[in-house]
Amino acid sequence: MSDKQQALRDLFFACRVIPVLTIARVEDAVPLAEALVAGGLAALEITLRTDAAARAARAIVNDVPGAIVGVGTVLNARDLAVAEDIGARFALSPGATPALLDAAAAGALPFAPGVATASEAMAAMERGFHTLKLFPAAQVGGISMARALGGPFPDLRFCPTGGVSAANAAEWLAEPNVIAVGGSWIAPAADIGAGAWDTIAQRARAARALWG
Ligand code: 3PG
């Protein structure tokens, strides 16, 4: 396994629950990240879904030293370059095109491509990726899908996102091939917009309590 892949695996295994964040206003980024880090969640996925996303991620990299910033919704090589430029520590995609896999394999950033099928997992493995985002996890079969993929692909580890929640995160994390989970339930966009930092920190603490 490459150093990049090992770094990603170590990071996911240490952090286990990764809030998926859609940030509309740059000024929300730092207090949001501070609330999550205070609640015990260090690894954050900032999705490239808003105009503010890249500036928000950069603000967290610069001003919240306890945060481990990942960039999500990386759809192409250009987004990957944005993530590297921001100083992100890792990147994720909901899927994977051949061009994106090639760019990520050649780049410096630990990257988790998204997969939803066995064939997609095989395409990622062919390029050296063994720690994958399973997306959209609940919609493509949930825990039984992760278990089924564990048969032919015992060396793969998954970070499921999509439909993971406070109610089922512990169940997901108990699966031997689930290394981490991601989701928006800890800090939904509406709570970020409302500046509900205490509520978000409380949800982060509850999520942090899910593992040892
Ligand atoms: C996403 O990319 O939107 C994440 O997978 C979050 O999904 P969720 O909102 O169901 O947690």
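Laid out as a table, the results:
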| read-out | value |
| --- | --- |
| Within a Gaussian network of the chain (alpha carbon springs, distance under 10 Å), most fluctuating of Ala196, Ala54, Ala106 | Ala106 |
| Cα pair count fraction exceeding 17 Å, expressed as % - segment 165-212 | 36 |
| Longest DSSP-loop-exposure-free segment, trypsin sites (Lys or Arg not before Pro), the chain, at most 16 other Cβ within 10 Å | 128-212 |
| Cα-derived Rg to Rh of segment 79-144, Kirkwood definition | 0.99 |
| GNM result for the chain, Cα springs below 10 Å: residue of Asp79, Asp28, Asp155 fluctuating most strongly | Asp155 |
| Per-residue [θ]222 nm for the chain (sum of -39500 (n - 2.57) over DSSP H runs n ≥ 4, rounded to 500) | -13000 deg cm²/dmol |
| Sorted by Cβ density within 10 Å, fewest first, the residues Ser2, Ser184, Ser119 | Ser119, Ser2, Ser184 |
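Values in this text are rule-based calculations from the coordinates and carry no lab data. What you are looking at is a predicted structure, and each value in this text was computed from that prediction instead of being measured. Note that we place each Cβ from the backbone using ideal geometry, even for glycine, and neighbour counts take in every protein chain shown.
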